[in-house]
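Please read the structure below before turning to the comments.
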Amino acid sequence: MCLSIPARIVTINGTMAEVSAGGAIFKAGLHMIEDAKVGDYILLHAGFAIQKISEKEAAETIKLFEEMNNSMNE
Amino acid sequence: MKYIDEYRNKDLIMKLADQIGKSVRRDYTFMEVCGGHTAAIHRFGIPSLLPGNVKLVSGPGCPVCVTGTDFIDKAIAYSKMDEVIICTFGDLLRVPGSTSSLEKERAAGADIRIVLSGLEALEIARIDSDKKVIFLGIGFETTAPGTAVTIKLAEKNYIKNFFLLSAHKVMPPAMEAIIKEGVNLDGFICPGHVATITGSKAFNFIPEKYNLSSVITGFEPADILQSILMLIQQVNRNTHIVEIQYNRAVNVNGNTVAQRHLSEVFEPCDAQWRGFGVISSSGLRLRRVFERFNIENNIPVQISFQEDNELCICGEILRGLKTPDDCTLFADICIPENPSGACMVSNEGSCNTYYRYRLTK
Ligand code: SF4
């Protein structure tokens with residue numbers, strides 16, 4: 001139950017959104033996040049979006065991984 | 001899903017494992033406190049990628065597992081009352097109470113419904129307005145803000161037949177209890193989703209007061225391996241700080257909106273943890289202004305105290321002192337379909353995870 005899964009906002013209707021994760025659609029309360037937009041990635045936990053996922057940070061971590069990959073290949 | 005494949009990339013995982021192998025200089029023991037991490041660690045076979053001198057132990061971070069038998073017994077007592085609907089997350093159904101479980105009561109006719117969120121329970125209360133709807137609130141800082149929002153909506157929409165039985169808890173006091181108990185640890189794989197709400201600052205006491213390393217960790221294999229590497233490096237450098245590996249979802253201050261909901265509705269209280277007993281200021285109870293939603297105020301119940309199954313060592317497992325292999329009932333008498341203890345019930349419980357990924361491989 002404690003799992004939170006990354007999901008993408010598909011539609012927003014007031015404080016409720018439909019989000020998609022792994023091909024399924026779930027309802028998510030948006031009461032805890034500000035400026036949610038369709039297309040944003042959020043963490044879905046027990047029916048609520050608990051945080052936006054920062055694409056910038058995600059991309060940077062991946063870049064770090066890649067750099068590490070390269071430096072280790074050298 | 002975007003950003004999952006990258007964190008499950010096999011090459012990358014092998015390289016992280018290799019890097020860990022090259023970095024070890026001594027024995028290391030790290031505790032993952034979050035049940036989600038325990039499950040991910042075994043699901044992705046992380047221990048098999050680690051050198052023998054890096055040991056991972058599980059902690060008290062499965063909300064179902066730490067929920068005391070008394071809570072289950074209370075929920076069962078309410079479920080037997082007329083005109084009551086119990087709404088619960090599915091994981092609680094099979095947790096053994098002292099004489100029964102919610103699942104058994106449901107089979108015997110009690111109106112017990114599985115919901116995915118407090119909002120669903122609130123909707124049931126709106127529809128079945130002549131019944132008392134009791135939502136079983138369990139979970140840590142990740143889950144409790146959702147319950148807070150639900151309570152505020154119940155108030156705003158004058159839903160008078162919605163009630164809460166709260167076993168919500170907060171994580172840092174339990175981590176402190178573990179440290180004080182003297183479990184031999186070099187650092188913590190800190191709970192990533194709790195930290196999305198609390199921010200990394202909630203864990204600063206770990207290095208500051210106790211000189212232990214901490215890395216706030218995501219849930220994909222590369223996240224976990226990278227965090228273990230960061231922990232090893234901290235220990236090697238003899239520096240102890242809170243680092244955020246899971247920075248796509250966690251920052252220093254956390255989700256302040258969620259924190260506000262939480263503190264408007266709840267206040268800290270002492271709480272009972274399976275295996276630990278009472279930990280001071282580790283629970284969440286409704287503030288006075290919301291007290292009318294507390295079912296225990298409306299209908300007090302008496303339950304008679306009963307000892308848990310004395311062979312079940314869940315309590316010691318949750319405190320990082322033992323592993324499921326040490327339990328004589330494990331996999332023999334105690335199995336997920338018929339659990340003797342709480343740690344075998346939830347997907348995030350140590351015994352359940354061991355059973356699924358270690359034995360059935
Ligand atoms: S295997 Fe079952 S009885 Fe043994 S500690 Fe785990 S939950 Fe308890």
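The table below lists the values:
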read-out	value
Non-local Lys pairs in segment B:31-134, i.e. 8 or more apart or on different chains, that have alpha carbons under 16 Å apart	5
Label-point gap, in nm, between residue B:263 and residue A:11 - each point 7 angstrom along Cα→Cβ	3.7
Per residue accessible area in Å² of segment B:314-359, where ligands, DNA and RNA are left out and the probe is 1.4 Å	41
Percent carbon-and-sulfur accessible area, chain B, ignoring ligands, DNA and RNA, probe 1.4 Å	46
Average partner coverage of A:8-21, which counts Cβ from other chains inside 10 Å	1
Segment B:72-231, relative contact order in percent, only Cα pairs under 8 angstrom and at least six apart counted	17
Long-range amide H partners of residue B:159 with built H, under 5 Å	none
Relative contact order of segment B:314-359, pairs being alpha-carbon contacts under 8 Å that are 6 or more residues apart, as %	29
Cα centroid separation - segment B:145-183 against segment A:1-56, whole Å	21
Listed residues B:333, B:179, B:41, most fluctuating in chain B (Gaussian network, C-alpha, under 10 Å)	B:333
Estimated FRET transfer efficiency when R0 is 22 angstrom, pair residue B:27-residue B:180 (beta carbons, to 0.05)	0.50
Net length gained if the chain between residue B:18 and residue B:299 were fully extended (0.36 nm per residue, minus Cα distance)	95.3 nm
Long-range HN-HN contacts of residue B:218 with modeled amide H, under 5 Å	B:246
Relative contact order %, chain B, counting alpha carbon pairs below 8 Å whose residues are six or more apart	23
Alpha-carbon centroid distance for the pair segment B:186-224 / segment B:273-340, whole angstrom	24
Distance (nanometres) between label positions extended 7 Å along Cα→Cβ at residue B:332 and residue B:113	4.3
Calculated FRET value between residue B:237 and residue B:123, using beta carbons and R₀ = 56 Å, to 0.05	0.60
At R0 = 41 Å, FRET efficiency that the Cβ-Cβ distance of residue B:48 and residue B:253 yields, to 0.05	0.65
Loss of accessible area when B meets A, both sides summed, Å² nearest 100, probe 1.4 Å	3400
Fraction in percent of alpha-carbon pairs per bin - 5 Å, segment B:1-47	5, 15, 20, 27, 23, 9, 2, 1
Using θ = phi - 60° and Karplus 6.51 cos²θ - 1.76 cosθ + 1.60, couplings along segment B:270-286 (whole Hz; Gly, Pro as x)	6, 9, 8, 10, 4, x, 10, x, 7, 10, 5, 6, 9, x, 10, 10, 5
Surface/4 estimate of mean projected area, convex hull on alpha-carbon atoms of segment B:131-190, nm²	5.1
Per-residue average of Cβ from other chains inside 10 Å of B:237-248	2
Cβ crowding within 10 Å averaged over residues, with B:213-224, B:228-239 ranked highest first	B:213-224, B:228-239
Mean Cβ neighbour count within 10 Å, used as a protection proxy, ranking B:85-91, B:62-68 highest first	B:62-68, B:85-91
Shape category assigned to segment B:314-359 from the gyration tensor of Cα positions, a/c cut at 1.5	rounded
Quotient of Cα Rg and 2.2 N^0.38 Å for the protein assembly as shown, N being how many residues it contains	0.96
Peptides B:18-29, B:191-202, A:36-47, B:149-160 ordered by average Cβ neighbours within 10 Å, highest first	B:191-202, A:36-47, B:149-160, B:18-29
Within straight-line cross-link reach of residue B:152, aspartates and glutamates at Cα separation under 13 Å, skipping those fewer than 8 residues along the same chain	B:264, B:291
Cα gyration tensor shape of segment B:80-136, rounded if a/c is under 1.5, else prolate or oblate by comparing a/b with b/c	oblate
Enclosed volume per residue, in Å³, of the convex hull spanned by Cα atoms of segment B:226-299	161
Rg over Rh [alpha-carbon atoms, Kirkwood Rh] for chain B	0.98
Segment B:160-303: C-alpha gyration tensor shape, a/c 1.5 cut-off, then a/b vs b/c	prolate
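The values are calculated or read from the model by the stated rules, or taken from the named source; none is laboratory data. Note that the structure is a prediction, hence the values are computed from the model and not measured. Reconstructed Cβ throughout: ideal geometry from the backbone, glycine too, with neighbour counts over all protein chains shown. We work out accessible area using only protein heavy atoms, side chains counted, and drop any ligands, DNA or RNA first. Shrake-Rupley method; radii C 1.70, N 1.55, O 1.52, S 1.80 Å.
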